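Chemist: To start, I am sharing the structure in question, which I have written as structure tokens.
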Amino acid sequence: MPEKTTTGSLFFLFMILCLASNSQDTELPAVHEEAFHQPVFENDFLRVMAVSAANGDTTDFHRHCLPIVYITVQGTLVELNEPDESWKQVELPTGWIGHDLYDSNSCYTHRFAISGSQNLQIIAVEGLNYSGKPDIKANPIYEQGGFTVYQIELSNAEIVKALNVPVILVGESGNDQLALRVIDSKLLSKRLLENQLAYVVFFYAQEEKKAPKKSNDSNANQVLPY
């Protein structure tokens, strides 16, 4: 009889610790609530964030619970840290694009710090709901995991002008912060400057492809969730 009571007590203690751990995770900020991830736009389908961090900066622990794609405007050396794990150093190159397919049942918690001399500047776009398939007669620069990314230049601005979709404009950075504006594509030809970075991102169900859980492109050796 005492042995049964001890086993029951240990199980009860284990359940308390698990519930406490889950409670702590849900109390952490979502990625768009974390100070270094600044939301600049949201509609029914996408949430756009400007991520800026300098040497010595460290984010708070935060949760990723939605599919997300990253467009690296300026890369640097980054330290990654998950709860109760050691820090890991990775080199994030400028121009790297990648995605992660998180959801509310498989949230990912981490923080990061900047150890490189360059500032980190990333456009992070969360997929909130699937939109329709894009009808753009141009080649995407990235198409994986439900995300399709187009880089827009003056030469092809007219292609997307009539689509009535949000366009992400990268402006001149002030105080080392990534400056983003999101405008309607109807205004694109009037607002887009020569050699200015501009992107259109779609999140839609790509039924013809089975999206991998994680991915990266040839410019990086690791998946880097931010």
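Chemist: What residue, of D60, D100, D84, D44, is in contact (Cβ under 8 Å) with a residue 60 or more places away in the chain, outside any strand (DSSP E or B) and not aromatic (F, W, Y)? Step through it out loud before you land on a result.
Modeler: On the way: D60 fails: in contact (Cβ under 8 Å) with a residue 60 or more places away in the chain; D100 fails: outside any strand (DSSP E or B); D84 fails: in contact (Cβ under 8 Å) with a residue 60 or more places away in the chain.
The unique qualifying residue is D44.
Chemist: Take segment 118-152 and flag every residue that is outside any strand (DSSP E or B), touching a residue at least 24 places away in the same chain (Cβ under 8 Å) and more than 22 Å from Q38 (Cα to Cα).
Modeler: Y130, S131, G132, K133, P134, D135, I136, I141, G145, G146, I152
Chemist: State which residue is surrounded by the fewest Cβ atoms within 10 Å (Cβ to Cβ) when the search covers only segment 181-205 and only residues that are outside any loop (DSSP other than H, G, I, E, B) and of a type in the set (G, A, S). Steps first, please.
Modeler: As a first pass, look at segment 181-205 and keep what is outside any loop (DSSP other than H, G, I, E, B): 181-191, 198-203.
From the residues that got through so far, the ones that are of a type in the set (G, A, S) too are 185, 189, 198.
Details: S185: 19, S189: 12, A198: 22.
That would be S189.
Chemist: Filter segment 157-180 down to the residues that are assigned to a helix (DSSP H, G or I) and surrounded by 16 or more Cβ atoms within 10 Å (Cβ to Cβ) and list them by number.
Modeler: A157, I159, V160, K161
Chemist: May I ask you to list the residues in segment 79-93 that are under 15 Å from the mean Cα position of the chain (by Cα) and either more than 27 Å from I141 (Cβ to Cβ) or surrounded by fewer than 20 Cβ atoms within 10 Å (Cβ to Cβ) (or both)?
Modeler: L80 - this is the single residue of segment 79-93 that is under 15 Å from the mean Cα position of the chain (by Cα) and either more than 27 Å from I141 (Cβ to Cβ) or surrounded by fewer than 20 Cβ atoms within 10 Å (Cβ to Cβ) (or both).
Chemist: Quickly run through segment 107-117 and pick out the residues that are within 20 Å of E91 (Cβ to Cβ) and part of a strand (DSSP E or B).
Modeler: Residues satisfying the conditions are H110, R111, F112, A113, I114.
Chemist: Can V69 be described as at pLDDT 95 or above, touching a Gly at 6+ places or on another chain (Cβ under 8 Å) and buried (at least 17 other Cβ atoms within 10 Å of the Cβ)?
Modeler: Criteria met by V69.
Chemist: Turning to a different aspect of this structure: Among (1) outside any strand (DSSP E or B); (2) modelled with pLDDT of 95 or more; (3) of a type outside the set (A, V, I, L, M); (4) more than 30 Å from N164 (Cα to Cα), there is one condition H32 misses while meeting the rest; what is its number?
Modeler: Result: H32 passes all but (4).
The values are calculated or read from the model by the stated rules, or taken from the named source; none is laboratory data. Please read all numbers here as calculations on a predicted model, not as lab measurements. Here Cβ is always computed from backbone atoms with ideal geometry, including for glycine, and neighbour counts include all displayed protein chains.
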